[in-house]
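Here's the structure we're looking at; comments come further down.
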Amino acid sequence: MRDDGATTMPPRSAPSRPPPWEALSLVANFLDAASLAAASCVSTSWHAAFSDDHLWARLCRCHYPSAIGLLPLSDSSVNAGDRRSSPHRGLFALFHSAASRGRSLPEPRLALADVTFAVDLFAAGGQNMLSFAVAACDAGVKKAPGGVFQFAVDVSDRNAVAGPGKHWSVRWTAVRTGLGVAPAAIVMMDAKLPASRAGALGSGVRGESWATEGLPAPGCGGGKLEAEAVVEVSGEERLVEKVRLGVLLDCREESFPSEYI
């Protein structure tokens, strides 16, 4: 209050300002996928900062490293808008949706010629030790005895070491990549392989570990369908030599389509 009795108003605080552009870019590097997606919807400037392709490339390498091998995808493989602005964001969304859908498989409407297999192997501590993507037509896919199909990939030149531990992990994703088809991906299996199955390995000695996971088998008369992964290793460090993958079928009736994956 002044001496003449008039009331004075307290000074107004300056209006808050949005964070500078540089701050947005710094914060973006520490956000997870859900936070990046939410932040990119705030405004045009935030969309530009939080949709940068290098941010989504980092998340792909962290969560779905084998997905990187699928780029570049065809125009029909991912959403066109995502592909132009951030191809890795579209790729992350494709693999994330596959994992989120669980084990539900669609009706067989797909030939192996339109499929690429993405495979990630993890050591006992969770570190990614090997990732690759291979088109089914290049993987030497063949009919499995008593099953649907199987294939093997020689990775002896990758110097991937499984190392010690109780188990390793494998995630196998099938991605529809053919021209003229809608985007789709499904996790065929996400399982642990007991390291003890490979046995005690010395120099030059080989062993293998394997795991299976059940899959639904529509139209199979109640048969049992399983995805199987076998990892061949050698030596004390357990160098990964070969990865074999397949779908095995035990049907009471031979009514299962060969093009099913």
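The values are calculated or read from the model by the stated rules, or taken from the named source; none is laboratory data. Note that the structure is a prediction, hence the values are computed from the model and not measured. Positions of Cβ are backbone-derived with ideal geometry, glycine not excepted, and every protein chain shown enters the neighbour counts. These accessible areas exclude ligands, DNA and RNA; they are computed on the full protein's heavy atoms, side chains included. Shrake-Rupley method; radii C 1.70, N 1.55, O 1.52, S 1.80 Å.
Quick look at the values:
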item: Per residue, in Å², the accessible surface of segment 111-249 once ligands and nucleic acids are set aside, probe 1.4 Å; result: 43 Å²
item: In sequence order, calculated HN-Hα J values of segment 37-49 (Karplus, 6.51, -1.76, 1.60; Hz; x Gly/Pro); result: 5, 5, 5, 5, 9, 6, 7, 5, 5, 5, 4, 5, 6
item: Nonlocal amide H pairs with Val148, under 5 Å, H built at 1.01 Å; result: Val247, Leu248, Leu249
item: Amide H contacts of Val155 (H built 1.01 Å from N, under 5 Å, at least 5 apart or other chain); result: Lys242, Val243
item: Relative packing of peptides 23-30, 55-62, 113-120 - highest average C-beta neighbours within 10 Å first; result: 113-120, 55-62, 23-30
item: Sequence ranges 40-49, 148-157, ranked by mean other-Cβ count within 10 angstrom, highest first; result: 148-157, 40-49
